[in-house]
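The values are calculated or read from the model by the stated rules, or taken from the named source; none is laboratory data. Every value quoted in this text rests on a predicted model; they were computed, and no experiment measured them. With ideal geometry, Cβ positions are generated from the backbone for all residues, glycine too; neighbour counts draw on all protein chains shown. Heavy atoms of the whole protein, side chains included, go into the accessibility calculation; ligands, DNA and RNA do not. Shrake-Rupley method; radii C 1.70, N 1.55, O 1.52, S 1.80 Å.
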Amino acid sequence: MTELQKKAAHLREQINYHNYRYYVLDDPEISDAEYDRLMRELIELEKAHPELATPDSPTQRIGGARLEGFEPVTHTLPLLSLDNSLNEAEIIEFDDRIRRNLGMSGDMEYVCEPKLDGLAVELVYENGLLTVASTRGDGYVGENVTQNIRTIKGVPLKLLTTFISPPDRLEVRGEVILGLREFQELNRRRQEEGEPTFANPRNAAAGSLRQLDPAITAARPLDIFCYGVGQHIGLELKSQWQTLQTLKTLGLKVNPLARLVRGIKEVKDYHADLLQQRESLPYEIDGIVVKVNDFSLQERLGVKTKSPRWAIAYKFPAQQETTQILDIIVQVGRTGVLTPVAVMQPVQVGGVEVSRATLHNQDEIDRKDVRIGDWVVVQRAGDVIPEVVKVITTRRTGREKPYTLPKKCPVCGSETVRLEGEVAQRCINLACPAQVKERIYHFASKGAMDIDGLGDKLVDQLVEKGLVKDVADLYYLTRDELVSLERMAEKSADNLLAAIEASKKRPLNRLLFALGIRFVGEHVARVLVNSFKNLDNLQKATKEDLMQVYEIGPQVAESVVDFFANEENICILERLKKAGVEMKPLEDEEDAEKILAGKIIVFTGALQTFTRKEARELVELLGGRASSSVSKNTDFVVVGENPGSKATRAQELGVEIMSENDFRKLVGLDS
Ligand code: IVH
């Protein structure tokens, strides 16, 4: 290997490892900024020397060409489906049947897993490399979605073979899902763009995975959990539990809620426990899956045509109910989109009272033929806004009233437009109070400028009284103005002024997010600040400059450029600055004063006075970062007993090496 090849290989290994820490273990070792730096270094290197790029390079996740259609893939072993049990009696019957078939009287060992509501895929790894990924299809033949699967960051392009040597062939089965937050964000964006929204996360995941253009899939943060294997050559597996552990060891993402249990009582407890947790999970599950643990017992039980006898789904009660639509009202969003909302007779759905449900847009109303007075099925999932699934037409009396969105904005009275190719109808008056209010709610919200005490009701009043027309006006509010508001005591006015004052110190990434630039969510805002450092640079950046940044695509780039090209926006920024909004990048001052501020430290060998965890926590406490691998960015390496290759590597790179004692002195533990 040449030096360059070695360098590229090393970078790839580092990035793949950090990907694994971040996406699979959910326990990153390095900051986003440092990750970006590694990624950029590799991109540059491969750009200068294209021959260095290997198929498992993390730069190669995106970049497949647009396809004409998907090729069929015949599965080596069919991907079966599952029988359902809907209540306790049915799950007890399942357990009885199994023990009867096996002639066993004691408690069975089962693996219980969440039943994820996504779509099943199979990933084929040959000698450790991901070669083909396909959808389940009809169970026998699926579609080749390799390019799209490669864009999922939790899918290793190369198996982690630190602990197990790569099997000759390993077929991994799992479920591709879209998280609830991601689903909401995707729908919000689609609504803004006037595109049809997805009915639920599963449809969104399926639609994203079956995109012919992998760039579109890449822009949708799909996730995966692996739960089984198909053919596996060069890897011995004896049970489901061992399989899950092995998949994890190979760097594949396995759901952390899976449990090994004994007897049907523990299965029932698991079901009850997960039902409790259902609402707080960041993704949708619709039940649990119960699998006989021992593979030799699975084999004895065998399979039916479509499903195995050794596994069953134990579903949760439906999150759907029926109720009546009393009225349909319109909400105007931050970008002027008009959303019809059904006002319903309140009803309990999965333990929560629901009285409003979104109808999405006119096309959806027409498609479902929803009318005022209709009896409908409503559905809710997680904290997603409840929606009307369908009308129960058999309950119609003939007195129901069809509905069409108003031609004029119900808030400001301006004409609304529906752009060609869009499903959304919008109010295009930027000064529309509904839009202004939404922009200000967002600006003051938690992840944004976090102005404590500036709730929706107060914003409504401020806008209605004409005291606030844009976000900059917030910083020019006077005590007298506030006190003049309804239900505003002097004390609350002072508190609010203090909260507004405190928000001036929010870092630049939060401000960027708060401004509500299209497609600039919390993460993108952070990426932008990491790359451009200050507002001036960002303002000057061209579309090309922006697209140089890993993770910034044409859509975001265009939107940022448009934002800064708008004079009104520039004026708002000027007034924010004048009011004393600091707009400083992330690093907070406190950190800068700490002993290890900004330092990257690697520990190697056995430490005598700390555990690794303690050492790492200490470093973080003092403003530094502990990393697991030595690079030229490492500030120093602390060596314990029997240091390994990391010490050698530090020497090669000329990175400072210190003993544990020196380290203790440096951080002030010893003198
Ligand atoms: S095992 C023979 N495990 O449910 C075993 N499936 O109704 C079949 N699913 O097609 C698959 N979570 O898409 C299994 N933990 C889990 C699952 C799971 C969701 C889906 C999968 C399958 C469908 C069957």
TODO: State whether the residues of the stretch 646-660 include one that is assigned to a loop (DSSP other than H, G, I, E, B), open to solvent by 20 Å² or more (accessible area, probe 1.4 Å) and touching a residue at least 24 places away in the same chain (Cβ under 8 Å).
DONE: no
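Going by the conditions given, is LEU130 within 23 Å of LEU77 (Cβ to Cβ), open to solvent by 10 Å² or more (accessible area, probe 1.4 Å) and within 16 Å of the ligand (Cβ to nearest atom)? Show your work before the answer.
On the way: within 23 Å of LEU77 (Cβ to Cβ): yes; open to solvent by 10 Å² or more (accessible area, probe 1.4 Å): yes; within 16 Å of the ligand (Cβ to nearest atom): no.
Judged against the criteria, LEU130 is not a match.
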Task: Any hit, the stretch 41-59, residues being open to solvent by less than 50 Å² (accessible area, probe 1.4 Å), more than 23 Å from ASN203 (Cβ to Cβ), away from the ligand (no atom under 15 Å from the Cβ) and of a type in the set (Gly, Ala, Ser) - done: yes
- [ ] Kindly provide the set of residues from the stretch 256-293 that are at pLDDT below 95 and either in a strand (DSSP E or B) or more than 31 Å from the chain's Cα centre (by Cα) (or both), ordered by number.
- [x] ILE285, ASP286, GLY287
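Out of all the residues in the stretch 272-290, is one or more away from the ligand (no atom under 16 Å from the Cβ) and touching a strand residue (DSSP E or B) at 6+ places or on another chain (Cβ under 9 Å)? It would help to see each step written out before you state the result.
Step one: of the stretch 272-290, the residues away from the ligand (no atom under 16 Å from the Cβ) are 272, 276, 279-280.
Next, from what is left, pick out any that are touching a strand residue (DSSP E or B) at 6+ places or on another chain (Cβ under 9 Å): 279.
Yes, the conditions are met somewhere in the stretch 272-290.
For the stretch 1-40, how many residues meet the condition of being in a helix (DSSP H, G or I), of a type outside the set (Ser, Thr, Tyr) and open to solvent by less than 70 Å² (accessible area, probe 1.4 Å)? Working first, answer last.
Restricting attention to the stretch 1-40, the residues satisfying the condition of being in a helix (DSSP H, G or I) are 3-24, 32-40.
Filter again for of a type outside the set (Ser, Thr, Tyr), leaving 3-16, 18-19, 21, 24, 32-34, 36-40.
Now narrow it down to the ones that are open to solvent by less than 70 Å² (accessible area, probe 1.4 Å): 4, 8-12, 14-16, 18-19, 21, 24, 32-34, 36, 38-39.
Within the stretch 1-40, residues that are in a helix (DSSP H, G or I), of a type outside the set (Ser, Thr, Tyr) and open to solvent by less than 70 Å² (accessible area, probe 1.4 Å) number 19.
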Open item on the list: Go through the stretch 341-363 and report how many residues are in a loop (DSSP other than H, G, I, E, B) and closer than 30 Å to ILE91 by Cβ.
Closed with: 2
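May I ask you to list the residues in the stretch 521-563 that are part of a helix (DSSP H, G or I), surrounded by fewer than 19 Cβ atoms within 10 Å (Cβ to Cβ) and of a type in the set (D, E, K, R)? Reasoning before the result, please.
Restricting attention to the stretch 521-563, the residues satisfying the condition of being part of a helix (DSSP H, G or I) are 522-532, 535-540, 543-547, 554-563.
With the extra rule that they be surrounded by fewer than 19 Cβ atoms within 10 Å (Cβ to Cβ), the set shrinks to 522-523, 536-537, 539-540, 543-545, 547, 554-555, 558-559, 561-562.
Within the stretch 521-563, GLU522, ASP536, LYS540, LYS543, GLU544, ASP545, GLU558, ASP562 meet the criteria.
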- [ ] Among the candidates GLY154, GLY174, single out the residue that is within 15 Å of the ligand (Cβ to nearest atom) and either within 25 Å of the chain's Cα centre (by Cα) or touching a residue at least 40 places away in the same chain (Cβ under 8 Å) (or both).
- [x] GLY174
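Return yes when GLU71 is open to solvent by 30 Å² or more (accessible area, probe 1.4 Å) and at pLDDT 95 or above and no when it is not.
no
This table checks each residue for (1) under 35 Å from the mean Cα position of the chain (by Cα); (2) closer than 30 Å to GLY179 by Cβ; (3) open to solvent by 60 Å² or more (accessible area, probe 1.4 Å); (4) modelled with pLDDT of 95 or more.
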{"position": "GLU353", "(1), (2), (3), (4)": "yes, yes, yes, no"}
{"position": "ARG367", "(1), (2), (3), (4)": "yes, yes, yes, no"}
{"position": "VAL370", "(1), (2), (3), (4)": "yes, yes, no, yes"}
{"position": "ALA381", "(1), (2), (3), (4)": "yes, yes, no, no"}
{"position": "ILE385", "(1), (2), (3), (4)": "yes, yes, yes, no"}
{"position": "ARG395", "(1), (2), (3), (4)": "no, no, yes, no"}
{"position": "VAL411", "(1), (2), (3), (4)": "yes, no, yes, no"}
{"position": "SER414", "(1), (2), (3), (4)": "no, no, no, no"}
TODO: All but one of (1) buried (at least 21 other Cβ atoms within 10 Å of the Cβ); (2) farther than 30 Å from ARG181 by Cβ hold for ILE500, so report the exception by its number.
DONE: (2)
Task: Hits in the stretch 133-148 - residues which are of a type in the set (A, V, I, L, M) and either within 12 Å of the ligand (Cβ to nearest atom) or modelled with pLDDT of 95 or more (or both) - done: ALA133
Open item on the list: What are the pairs with Cβ atoms under 7 angstrom where one residue, in the stretch 387-402, is of a type in the set (Val, Ile, Thr) and the other, located anywhere, is in a helix (DSSP H, G or I)? Sequence gap at least six, or different chains.
Closed with: VAL388/LYS368; VAL391/LYS368
- [ ] List every residue pair whose Cβ atoms sit under 6 Å apart, with the two residues 6 or more apart in sequence or on different chains, where the first one lies in the stretch 567-581 and is outside any helix (DSSP H, G or I) and the second, anywhere, is surrounded by 15 or more Cβ atoms within 10 Å (Cβ to Cβ).
- [x] ALA579/TYR475; GLY580/LYS504; VAL581/LYS504
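Surrounded by fewer than 19 Cβ atoms within 10 Å (Cβ to Cβ), under 30 Å from the mean Cα position of the chain (by Cα) and assigned to a strand (DSSP E or B): does that describe VAL377? Walk me through it before giving the result.
Numbers: surrounded by fewer than 19 Cβ atoms within 10 Å (Cβ to Cβ): yes; under 30 Å from the mean Cα position of the chain (by Cα): yes; assigned to a strand (DSSP E or B): yes.
Answer is yes for this residue.
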Task: Top-ranked residue of the stretch 294-340 - restricted to ones that are over 31 Å from the mean Cα position of the chain (by Cα) and part of a loop (DSSP other than H, G, I, E, B), ranked as nearest to the ligand (Cβ to nearest atom) - done: SER307
Task: Criterion violated by GLY194 - all others in (1) at pLDDT 90 or above; (2) small (Gly, Ala, Ser); (3) open to solvent by less than 10 Å² (accessible area, probe 1.4 Å) satisfied - done: (1)
- [ ] Being in contact with a helix residue (DSSP H, G or I) (Cβ under 9 Å, 6 or more places away or on another chain) and at pLDDT 95 or above is the filter; apply it to the stretch 315-330 and report the residue that is nearest to ASP460 (Cα to Cα).
- [x] ILE328
- [ ] Go through the stretch 83-123 residue by residue and tally those that are closer than 24 Å to LEU274 by Cα, open to solvent by 10 Å² or more (accessible area, probe 1.4 Å) and either among the β-branched types (Val, Ile, Thr) or away from the ligand (no atom under 16 Å from the Cβ) (or both).
- [x] 8
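Counting just the residues of the stretch 222-240 that are touching a Gly at 6+ places or on another chain (Cβ under 7 Å) and open to solvent by 30 Å² or more (accessible area, probe 1.4 Å), which one comes out nearest to GLY154 (Cα to Cα)?
Among those residues, the one meeting the criterion is ASP223.
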Open item on the list: Given the options PHE225, PHE198, PHE163, name the one that is of a type in the set (A, V, I, L, M, F, W, C) and within 16 Å of the ligand (Cβ to nearest atom).
Closed with: PHE225
